[in-house]
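Only the coordinates and a few stated rules stand behind these numbers; no lab work does. Small disclaimer: the values here were computed from a predicted structure and weren't measured. Every residue, glycine among them, receives a Cβ derived from its backbone with ideal geometry; neighbour counts consider all protein chains shown.
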Amino acid sequence: MASWQAGLLGGVLIGIAATLLLLLNGRIAGVSGITFNAALQRNPRGESAWRWAFLAGLMIAGGIAMRATGQVALSPAPFAVVAVAGLLVGYGTRLGGGCTSGHGVCGIGRMSKRSLVATVLFVASGMATVFVLRHVAGAA
Amino acid sequence: MNRILAALLAGALFGVGLVIGGMTDPDVVLGFLDVAGEWNPTLLCVMLGATGTTAIAFRFVLRRDRPVFDADFHLPTYTLVDRDLVVGAVVFGVGWGLAGYCPAPVLVGAAGGAWTAWVFVPAMLLGAVLQRAVLKRRAVSPA
């Protein structure tokens, strides 16, 4: 299967997953929000349980699929850069209220103007960052 | 119990979709962001597949009075494009472009054994804690 076909298939599965969570539980599949709410907030019991279940499903099934397809790929960035990148992603997704899944996949699906703006901005800022790194600073 | 099983199923499907789509490989993600290099359109295909599906399916789902296992839909109600949204999205994009990781794929990477994800995930949680601390300070002393 060509990579664009695999991308399309993977995308449709992600879209179906987000649809199931909305149809069954009435929730938005925003992974940054789900993660930070589960790990860092005090929630009433039932409010934490579904979030941990979503994360468990994501990590267990995703981890197994990753192993099964033999693609345990690493980030090409050096250790310190990966750490700084993590800080920025944590800070930015909380401040901006979502990431590629919440704003990108679900927000655009709901035709949310906020999500559309956020998605355009983080894709543009990611592209600008890679441009500066690879074509101005000359990193790999 | 139903809600928990539903979330588990949705998470599992989401994780498998990310792997099949190639999103758990930071090189694929960075290849999409590298518009001036050898551009890799895979992430665009994933986004089209995912948003195409949600854009159609959400319409039907949201026509219902309520979700199957809950009394109400829990949707964001805030609609303003404000400074926090803009700054947050730009900061997130910089981090995304530096390492090729965003929250969902990096969690899968951590579970699958990619050690760079083990560096990224704690840093990401720390970033979220920092943001909350700044938010609290701002609430106490409005600028």
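Points to keep in mind about this one:
- Spherically averaged projected area of the convex hull of Cα atoms, region B:36-90: 6.4 nm².
- Tensor-based shape of region B:11-143 (alpha-carbon gyration tensor, a/c under 1.5 rounded, otherwise prolate or oblate): oblate
- For chain A, built as a Gaussian network whose Cα springs stay under 10 Å, the top-fluctuating residue of A:77, A:18, A:39: A:77
- Cβ neighbours within 10 Å from other chains - mean over A:37-47: 1
- Between A:28, A:64, A:14, the Gaussian network model of chain A with springs among Cα atoms under 10 angstrom shows the greatest mean-square fluctuation at A:64.
- Anisotropy class of region A:10-95 from Cα gyration tensor, a/c 1.5 cut: oblate
- Shielding score for B:24-33, defined as the mean number of other chain Cβ atoms within 10 Å: 6
- Cα-centre dipole for the protein assembly as shown with unit charges at Cβ (Lys and Arg positive, Asp and Glu negative), debye to 20: 880
- Farthest toward positive dipole pole in the protein assembly as shown [+1 Lys/Arg, -1 Asp/Glu at C-beta], among A:90, B:135, B:112: B:135
- Per residue convex hull volume, Cα atoms of region A:47-140, in Å³: 146
- Here the Gaussian network model covers chain B, with springs between Cα atoms less than 10 Å apart; of B:61, B:46, B:121, B:61 fluctuates the most.
- Summary of the geometry: region B:1-79 and region B:109-123, compared by the centres of their Cα atoms, lie 21 Å apart.
- Theoretical FRET efficiency, 1/(1+(r/R0)^6), r = Cβ-Cβ of residue B:55 and residue A:39, R0 22 Å, to 0.05: 0.15
- Zone residues, region B:43-80, relative to residue A:120, backbone N less than 16 Å from point 7 Å out along Cα-to-Cβ: B:80
- Phi-derived couplings, Karplus 6.51 cos²θ - 1.76 cosθ + 1.60 at θ = phi - 60°, listed residue by residue for region B:34-45: 8, 5, 8, x, 7, 5, 10, x, 3, 4, 4, 5 Hz, with x used for Gly and Pro.
- Cleavage-rule hits (chymotrypsin sites (Phe, Trp or Tyr not before Pro)) in region B:1-80: DSSP loop, at most 10 neighbouring Cβ within 10 angstrom: B:78
- Largest first, the three principal axis extents of the alpha carbons in the protein assembly as shown are 55, 54, 31 Å in whole numbers.
- Calculated log₁₀ intensity ratio I(q)/I(0) where the Debye formula runs over C-alpha points of region B:54-116, q = 0.25 Å⁻¹: -0.97
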